[in-house]
Amino acid sequence: MALLNNNKDILPLSSIAELLTAKVRTLKMYEDKGLLPQKKDSKKLYSINDVKIISFVHYLASVKKINANGIKYIREMLDNNMDEKNKDDFLSLVEEKMEKLSGGDIKDIENI
């Protein structure tokens, strides 16, 4: 059995939105503002590792109410000042926090 390649681009935004119980238009807005990992191809598929970043962006925007410029700054700090292991550990902690929130809590936040 082959190991999973977490860097392979396989997921469209619609699938990621379903995983995060978010709206596709919300994720597209993040994409338009340059908050999501950049994709060069027209298909705009995302990897499992990208989902962690997208989840973090969604958390910052919808739960912590941080604006696009703040999120860009935080992402820059993560990308430039953390090695991959610490970054993965940090994103795992955020993922745990997101799992504790119910999908309804996030939907209520999006409707405000």
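Computed from the coordinates by the stated procedures, all read-outs in this text should not be read as laboratory data. In this text the structure is predicted, and so the values were computed from the model without any measurement. Cβ placement follows ideal geometry from the backbone for every residue including glycine, while neighbour counts extend to all protein chains displayed.
For the reader, a short list of remarks on this structure follows.
- Net charge over other residues, Cβ less than 13 angstrom from the Cβ of K33 (K, R count +1; D, E count -1): +2
- Annotation: the residues S42, S92, S15, sorted from fewest to most other C-beta atoms within 10 Å of their own C-beta, follow the order S42, S92, S15.
- About its Cα centre, the stretch 58-105 has a charge dipole of approximately 300 debye under the convention of +1 per Lys or Arg Cβ and -1 per Asp or Glu Cβ, with nothing else charged.
- Global geometry of the chain, whether rounded, prolate or oblate, following the gyration tensor of its Cα atoms and the 1.5 cut on a/c: rounded
- Sorted ascending by nearby beta carbons within 10 Å, beginning with the fewest, R25, R75 become R25, R75.
- Per residue, the average separation of C-alpha pairs within less than 8 Å and at least 6 apart gives the stretch 1-57 a relative contact order of 49 percent.
- Listed by Cβ neighbour count within 10 Å, with the fewest neighbours leading, D50, D9, D88, D79 appear as D79, D88, D9, D50.
- The chain - percent relative contact order, Cα under 8 Å, separation 6 or more: 29 percent
- Other residues within the sphere of radius under 14 Å centred on the Cβ of E96, judged by their own Cβ, net out at -1 (K and R +1, D and E -1).
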